[in-house]
Structure formats: structure tokens, C-alpha cells
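Every read-out reported here was derived from the displayed coordinates using simple, explicitly stated rules and does not represent laboratory data. For clarity, every value in this text was computed on a predicted model and none was experimentally measured.
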Amino acid sequence: MADFAAPGTSSDGIAFLVSAGIVYEIIAAACSSPQTTEINASARADTLMKWVKVGLVQAAAFVAIAALIDKRHRKAIVGGGATAAALMWWSYDHALKAGLASNEPGTESY
């Protein structure tokens, strides 16, 4: 039977997923999706990316607090948070560049 309390077992995986999940959740709560960023990049690029940055700062704070509280899973917490932050930044950055390069109209009118 597996020892789930031993380092390097599923507990680290759970901590990694929780940390990654909180980054995605916080960024999603702070801003629109990468799809919306791409579709409306020409009209809202500055504000959309501002909120991605705000979300990343908030997420970093939560990940840091979790890592301080749970020393045993610190590497997994930081690893999950850093991985998710990098992937979300890449997603929004790609969406911004693709949207600005596109000639398609956005979904918003002003």
C-alpha cells in the first residue's frame, strides 16, 4: 500500500495542482479570457494586460503564503504556481499579439 504521507508521493501532486489552480482562478477572476483579449486587443489591450499583471501579483501572493504555511510541500506549491503563471502569461501575451496582428473586427463597439 502506498504511503501517501511520504515526500514525493501524491501529496506533492495535490499541492502542485492546488497551487496551479489558484493561479488560474485568480487571473480568471481579475480579467477576461485569452480569447476575449485576442478578439478585442485593438480596443482594450492596455487594460486587459494590466489586469493580467494584477492577477499575477495576487496569485504570487497566495502561492507565497501557501509555501510559507506548508513547508513540506513548498517546492510543489511554488512549482505549480510558477508553471501556471508562465503558461497563463504566455497565453495572454500570444492572444494580445495575435489580436493586434488581426484585421478581424472585435466584438465591442464604442
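Within straight-line reach of LYS71, meaning a Cα separation under 28 Å, sit the following lysines at least 8 residues removed in sequence or on another chain: LYS53.
For LEU87 and THR47, the difference between the fully extended length at 0.36 nm per residue and the C-alpha to C-alpha distance is 12.4 nm. For the range 27-100, the Cα-based Rg and Dmax, in that order, read 13.9, 45 Å.
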